[in-house]
Amino acid sequence: MNEPLSSIMTKKVITAGPDDKLSVAREVFMKNRVHHLPIVRGARLVGILTTYDMFKLVDSGSDYDDVIIKNVMTDHVATLEPEDKIGSAAELFLENLFHAVPIVKDGELKGIVTSFDVIKYTFHKEYPTQEI
């Protein structure tokens, strides 16, 4: 757990913009089977949107084409840096009960780490010859 997050993070992150419609995010979630969508302005992280955020809107009757991402996203986002240790992400997930953390350097999105990435890392440490 002492290796840097850069060793397990997803570097080619799918993102959306704060002024995109929620229907754009819905399509990203459906096509890519992801549950966390960093929201960026340029390369700068400005928020995160999750499938749970979308789920909460179902009861409100909102049409995804009528809602702008910035009105639904979380804009106070916990982040870590590429040099931070994998154990720091695990601790963050356990303490806050969420499943993804954007990896940021100088305000710019560099990657994302999910709880699944940490589980996969731990599995490969214990069973290096097993494939997932």
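Does the range 77-86 contain at least one residue that is out of contact with any Leu (no Cβ under 9 Å at 6 or more places or on another chain) and either part of a helix (DSSP H, G or I) or free of Cβ contacts under 8 Å to residues at least 60 places away in the same chain (or both)? The answer is no, given that none of the residues of the range 77-86 is out of contact with any Leu (no Cβ under 9 Å at 6 or more places or on another chain) and either part of a helix (DSSP H, G or I) or free of Cβ contacts under 8 Å to residues at least 60 places away in the same chain (or both). Which ones in the range 27-82 are closer than 19 Å to residue 115 by Cβ, among the hydrophobic types (A, V, I, L, M, F, W, C) and surrounded by fewer than 13 Cβ atoms within 10 Å (Cβ to Cβ)? Of everything in the range 27-82, just one residue is closer than 19 Å to residue 115 by Cβ, among the hydrophobic types (A, V, I, L, M, F, W, C) and surrounded by fewer than 13 Cβ atoms within 10 Å (Cβ to Cβ), namely 55. Residue pairs whose Cβ atoms lie under 7 Å apart, separated by 6 or more positions or on different chains, with the first residue in the range 1-12 and closer than 16 Å to residue 91 by Cα and the second surrounded by fewer than 13 Cβ atoms within 10 Å (Cβ to Cβ), are 4/83. Considering only residues that are part of a strand (DSSP E or B) and within 15 Å of the chain's Cα centre (by Cα), which ones fall in the range 1-42? Residues satisfying the conditions are 10, 16, 36, 37, 38, 39, 40. Pairs are defined by a Cβ separation below 6 Å, a sequence spacing of at least 6 or placement on different chains, a first member in the range 103-115 that is surrounded by 20 or more Cβ atoms within 10 Å (Cβ to Cβ), and a second member that is assigned to a helix (DSSP H, G or I); the pairs so defined are 103/5; 113/5; 113/89.
Read the figures in this text as sums done on the coordinates, not as results from a lab. Since the structure is predicted, the reported quantities are computational estimates derived from the model, not experimental observations. Cβ atoms come from the backbone with ideal geometry, glycine included; neighbour counts cover every protein chain shown.
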